[in-house]
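The values are calculated or read from the model by the stated rules, or taken from the named source; none is laboratory data. Small disclaimer: the values here were computed from a predicted structure and weren't measured. Note that we place each Cβ from the backbone using ideal geometry, even for glycine, and neighbour counts take in every protein chain shown. SASA here: full protein model, heavy atoms, side chains in, ligands and nucleic acids out. Shrake-Rupley method; radii C 1.70, N 1.55, O 1.52, S 1.80 Å.
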Amino acid sequence: DTEVTQTPKHLVMGMTNKKSLKCEQHMGHRAMYWYKQKAKKPPELMFVYSYEKLSINESVPSRFSPECPNSSLLNLHLHALQPEDSALYLCASSNSEKRNIQYFGAGTRLSVL
Amino acid sequence: AQKITQTQPGMFVQEKEAVTLDCTYDTSDPSYGLFWYKQPSSGEMIFLIYQGSYDQQNATEGRYSLNFQKARKSANLVISASQLGDSAMYFCAMRRWDSGTYKYIFGTGTRLKVLA
């Protein structure tokens, strides 16, 4: 089983809203990732959690706030976003015991109005 | 600097033919991993194949094979017997160790269109 589940699949929010993206995996992976992908571009790394601790923040604006409540769950809290934040947000996980192959969820398509 | 280069923005292939998608990489690390992902228009990133830098043989997964030429720093994806469902964006990626964890660098992608 290589399933990473992301919810919601689609999200439309205003610039004053607060929303959260959720990512879940039950593969026992200890590293989890958030990526942002604009149309026709490769994914851009935002955050990396390793063993539930934030290990990499790629200088992401503070209006994006990650959270890893446990080893299976990763959240991305959104607040005061800008229209240019509209993108596909992908979650991924990997495990050193499985050659660190990164498995992705289906993504959340976010539109900021 | 570590980098992945995919020089083919778009490719066409006839159904049932084989196609090669190019990928070159640049790294000074002795240990690294190379990956290919498929991204259909639905958006999900689907893992296809993995090659470790110390692997002696080229990786194969069903109709996918990776032509790994370490000295040339290339890791081309070969898709045999193309199917209409293979039409998608294909990304080459490299794994590297950074700040106590692994990071993955992606190329710009190649859009493949399979023709009936």
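At the listed q of 0.09 Å⁻¹, the Debye profile of the protein assembly as shown, built from one uniform point per Cα, gives log10 I(q)/I(0) equal to -0.37.
The Cα atoms of the stretch B:51-116 define a convex hull whose projected area, averaged across directions, is 5.7 nm².
Rg/Rh for chain A stands at 0.95; both radii use Cα atoms, and Rh follows the Kirkwood definition. Counted by Cβ distance under 15 Å from B:Arg96, the other residues give a net charge of +1, where Lys and Arg count +1 and Asp and Glu count -1. Among the chymotrypsin sites (Phe, Trp or Tyr not before Pro) in the stretch B:44-98, those placed in a DSSP loop whose Cβ has at most 11 other Cβ atoms within 10 Å are B:Tyr54. Grab the other residues whose beta carbon is less than 13 angstrom from that of B:Val78, score K and R as +1, D and E as -1, and report the net. Around B:Val78, the surrounding residues sum to -3. I want the local charge near A:Lys36. Using Cβ-Cβ distances under 11 Å, sum +1 for each Lys or Arg and -1 for each Asp or Glu among the other residues. Net local charge, A:Lys36 excluded: -2. By the rule of a second cysteine Cβ within less than 4.7 angstrom, chain A holds isolated cysteines at A:Cys68. Leaving ligands and nucleic acids aside, the B/A contact buries around 1800 square angstrom of accessible area in total at a 1.4 Å probe radius. Look at where the Cα atoms of the stretch A:88-113 and of the stretch B:71-109 average out, and the two centres are 15 Å apart. Placing a label point 7 Å from the Cα of B:Ala116 along the Cα-to-Cβ direction, the residues of the stretch B:68-102 whose backbone N falls under 17 Å from that point are B:82-88.
Taking 4 °C and 1.567 mPa s as the conditions, I'd like the Stokes-Einstein D for chain B in µm²/s, using the Kirkwood hydrodynamic radius from alpha carbon pairs. The calculation lands on 90 µm²/s.
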